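These notes are about the structure you will find just below.
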Amino acid sequence: MTAVARPPGKGGEEFPYRMKDLCDRTGLSRQVVHFYIEQGLLPEGHKTGRNMAYYSEAHVERLRVIRQLQQEQFLPLRAIRAVLDEEEGGFTTQQRHLLLDVKHRLGSLATPAAEPELVPLHPLLLRSGVSREDAEAIARTGVVTITKKKGRAHIAKDDAWMIELWGELRGAGFTRALGFVPEDVTGFAEEIESIFAKETAMLKQRMSHLPPEEVARLVEAAVPLLNQFMARYHESLVRKFFASIQP
């Protein structure tokens with residue numbers, strides 16, 4: 001590989017790599033790199049023309065982190081984006097130390113340190129009645145990751161519920177013929193992510209001075225209560241909507 005020296009971009013950062021170089025250094029295809037850029041996981045390169053851009057060592061490192069989170073932790077793309085955003089400016093060092101202490105006390109709510117358990121995708125699709133086309137479309141929304149292991153497609157066991165739930169929706173009559181597609185998940189995911197961002201902001205603003213065991217207790221208490229609030233408030237909105245329809 002021959003790196004082409006390019007003028008520094010803003011802030012003096014060097015951009016020595018063409019797209020081909022970036023692919024060679026990371027083992028990723030051009031299509032995958034462009035997909036990560038489109039999804040907001042990877043910043044665009046330093047453009048020198050309409051169809052020419054150069055990339056920095058930071059792009060190489062970012063791609064390695066993305067692939068590590070996908071292949072070792074099996075995180076879906078939306079979760080990876082949240083991790084990267086948090087790394088770029090979420091919590092102070094002191095707050096991160098607090099969160100690590102809280103994590104050790106949360107049990108099932110915290111991500112296990114061990115490698116996540118995988119389940120084969122094909123039997124899951126057969127049980128749930130979900131087509132491979134729909135499963136791959138759900139993965140493209142970024143809420144789950146489909147990964148290859150020994151030549152077979154797998155999904156994280158903790159994410160299998162998403163495929164099962166989609167199968168229930170299809171079974172209830174939400175068909176493609178009526179216009180219901182896996183991409184519809186995106187809007188709901190974005191709203192939930194917005195709510196979660198507000199939760200973490202409250203955690204940062206209001207609990208940073210508390211001992212980790214107290215923060216862990218409050219988080220464990222809040223999650224089921226907030227889940228109940230959202231479900232019941234949603235039902236309330238549905239009832240009020242139809243109650244407002246008059247002849």
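Laboratory data are not the source of any read-out in this text; all were calculated from the coordinates shown. Owing to the predicted nature of the structure, the values given are computational and were not obtained by experimental measurement. Here the Cβ positions follow ideal geometry from the backbone for every residue, glycine too, while neighbour counts run over all protein chains shown.
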TODO: List every residue whose amide H lies under 5 Å from the amide H of residue 144, counting only residues 5 or more places away in sequence or on a different chain, with H placed 1.01 Å from N in the peptide plane.
DONE: 77
Task: Distance from the range 24-53 to the range 159-192 (C-alpha centre basis), Å - done: 30 Å
Task: At R0 = 35 Å, FRET efficiency that the Cβ-Cβ distance of residue 225 and residue 176 yields, to 0.05 - done: 0.45
Task: Additional length obtainable on full extension of the chain from residue 234 to residue 52, 0.36 nm per residue less Cα span - done: 60.7 nm
- [ ] Would you mind estimating how fast the chain diffuses translationally, via Stokes-Einstein at 4 °C and 1.567 mPa s with the Kirkwood radius over Cα pairs, in µm²/s?
- [x] 61 µm²/s
- [ ] Could you state the angle between the C-alpha long axis of helix 212-243 and the longest principal axis of the C-alpha atoms of the chain, as a value from 0 to 90 degrees rounded to the nearest 10?
- [x] 60 degrees
Open item on the list: Quick check: pseudo-label points 7 Å beyond the Cα along Cα→Cβ at residue 103 and residue 73, how many nm apart are they?
Closed with: 0.7 nm
TODO: Once every Cα of the range 41-89 carries one equal point scatterer and solvent is ignored, give the base-10 log of I(q)/I(0) from the Debye formula at q = 0.13, 0.20 Å⁻¹, two decimals.
DONE: -0.36, -0.72
Open item on the list: What do you get for the angle between helix 93-106 and the principal long axis of the chain? Use alpha-carbon atoms, 0 to 90 degrees, nearest ten.
Closed with: 40 degrees
- [ ] With everything on Cα atoms, drop me the angle between helix 160-171 and the longest principal axis of the chain, reported from 0 to 90° to the nearest 10.
- [x] 60 degrees
Open item on the list: Give me the one-decimal nm value for the distance between modelled label points at residue 201 and residue 243, 7 Å along each residue's Cα-to-Cβ direction.
Closed with: 3.1 nm
